[in-house]
Amino acid sequence: MKLFYTDIFELPLPAEHRFPMLKYRRLRERAEAELEGAQLLVPPAATDDALRLVHDGEYVKRVCEGTLSALEVRRIGFPWSEGLVERSRRSVGATIAAARAALEDRGAANLAGGTHHAFADSGQGYCVFNDAAVAIRVMQSEAQIRRAVVVDADVHQGNGTAAIFEDDPSVFTYSIHGDRNYPFRKQASDLDIALPDGTGDEEYLSAFSTGLAKALASRPDLLIFLAGADPFEGDRLGRLALSKAALSERDRRLFEACRERRLPVTAVMAGGYASDVEDIVDIHLETLRQLQRALQGAPGHA
C-alpha cells in the first residue's frame, strides 16, 4: 500500500494554529512503525497547470505571489507564508499521486488532504486549494478516468467540492456532515446527509451506508474518500458522538464496498480536532489499516 505525505509538517504559525498540524507528523511516524509493508513516499508538488484545471488562474497567482487581500487571508484562516503555499501545493500533489497509485493498485492514501472548503476562486476554513477536485481533474485530463465520486465524511460539509462540481454529471459528490456545523452556508452536493448534533454510532452508520449505496450507483471509475476523524465524540469541533469503533466500521464498509466492485479508492485524512492529538492519529491510522486489509483481501472487523 502506497502512502503519500508532505515532509513539511510544521509552518511558522501562531500558537492557536500549531496543534492541528501535529497530527501529520505523528501519523507518518506511526504509519511507518505500525503498518507493515506500507510504502511511505514524498510526491512532487502540484504544478500551476494542475491547479488551474480547477482553480481560477488569478487566484492561483495571488496565492503564490502573496497578494491575497486581507479578507481572503482571513477566510482561509492561516497567515500567508511561502511555507503555506508550498505545503498546500504538496498536499494536492500527494492526492494526485495517491489517485494515480489507486488506479494501479486499487487503493492508496494521502496522509493529509481533504481541503474541501476551497472553491475555484477562493479558499476558506484552512483550505487553500481543493486537493480532491484537482486530483479528479488531473485524472480526467489524462484520460485515466471518466467518472469519479467524492465521499466526504468530514463532519463539515464539503461546500467547495460541491460548488466546483455543480452541474457536472461526471463527478458525484456525497457529503455526510453535521447539520448545524460549519460552514453555515451550505452548497448543494449531489447527495447531502445532514445530521443533528449528538448523532451516535447506529444512526450514523445507517445513514452513511444508505448514502454510500446511492453514491456508488453513479458507477464511478475512482472514489475519493475524505475520512474525517472529526465525527468522533471527543472532537472539539465535531458536535457528533461517534466512537472510534464506529469510525473504523464506517471505513471498513466503504473500503469493502470498493473491494467488492474492484473500484479504485483514494483516501485522504481531512479533519480531526480532538483535545488529545493521539485520538486523532488513532482514528486516521485505523482508516489506513482498514484500507490495507481491504487491499489484502482480509476481512476488517464489524
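The values are calculated or read from the model by the stated rules, or taken from the named source; none is laboratory data. Everything numeric here is computed off the predicted structure, so don't read it as measured data. Don't worry about glycine lacking a Cβ; one is built from the backbone with ideal geometry, like all the others, and counts go over all protein chains shown. The accessibility values were calculated without ligands, DNA or RNA, using every heavy atom of the protein model including side chains. Shrake-Rupley method; radii C 1.70, N 1.55, O 1.52, S 1.80 Å.
Worth a mention:
- Residue check for residue 173: touching an Asp or Glu at 6+ places or on another chain (Cβ under 7 Å), hydroxyl-bearing (Ser, Thr, Tyr) and under 24 Å from residue 104 (Cα atoms): yes
- Residue satisfying all of: in segment 196-215; of a type in the set (A, V, I, L, M, F, W, C) and either under 18 Å from the mean Cα position of the chain (by Cα) or outside any helix (DSSP H, G or I) (or both); nearest to residue 157 (Cα to Cα) among these: 208
- Selection from segment 62-82 of residues that are open to solvent by 60 Å² or more (accessible area, probe 1.4 Å), closer than 12 Å to residue 128 by Cα and not in a loop (DSSP other than H, G, I, E, B): 62, 74, 75
The rows are residues; the columns are (1) under 28 Å from residue 193 (Cα atoms); (2) modelled with pLDDT of 95 or more; (3) of a type in the set (Gly, Ala, Ser).
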position: 109; (1), (2), (3): yes, yes, yes
position: 117; (1), (2), (3): yes, yes, no
position: 126; (1), (2), (3): yes, no, no
position: 132; (1), (2), (3): yes, yes, yes
position: 140; (1), (2), (3): yes, yes, no
position: 143; (1), (2), (3): no, yes, yes
position: 153; (1), (2), (3): yes, yes, yes
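- Residue in segment 88-96 that is open to solvent by less than 40 Å² (accessible area, probe 1.4 Å) and in contact with a Lys or Arg (Cβ under 7 Å, 6 or more places away or on another chain) present: no
- Sole exception among (1) under 22 Å from residue 144 (Cβ atoms); (2) in a helix (DSSP H, G or I) for residue 245, by number: (1)
- Of the residues in segment 221-230, none is in a loop (DSSP other than H, G, I, E, B), touching a strand residue (DSSP E or B) at 6+ places or on another chain (Cβ under 6 Å) and open to solvent by 10 Å² or more (accessible area, probe 1.4 Å).
- Close pairs from segment 251-280: first over 18 Å from residue 105 (Cβ atoms) and open to solvent by less than 10 Å² (accessible area, probe 1.4 Å), partner among the aliphatic types (A, V, I, L, M) and in a helix (DSSP H, G or I), Cβ under 7 Å, at least 6 apart: 272/280; 272/283; 274/280
- In this structure, residue 243 does satisfy being at pLDDT 95 or above, over 21 Å from residue 119 (Cβ atoms), over 18 Å from the mean Cα position of the chain (by Cα) and among the polar types (S, T, N, Q).
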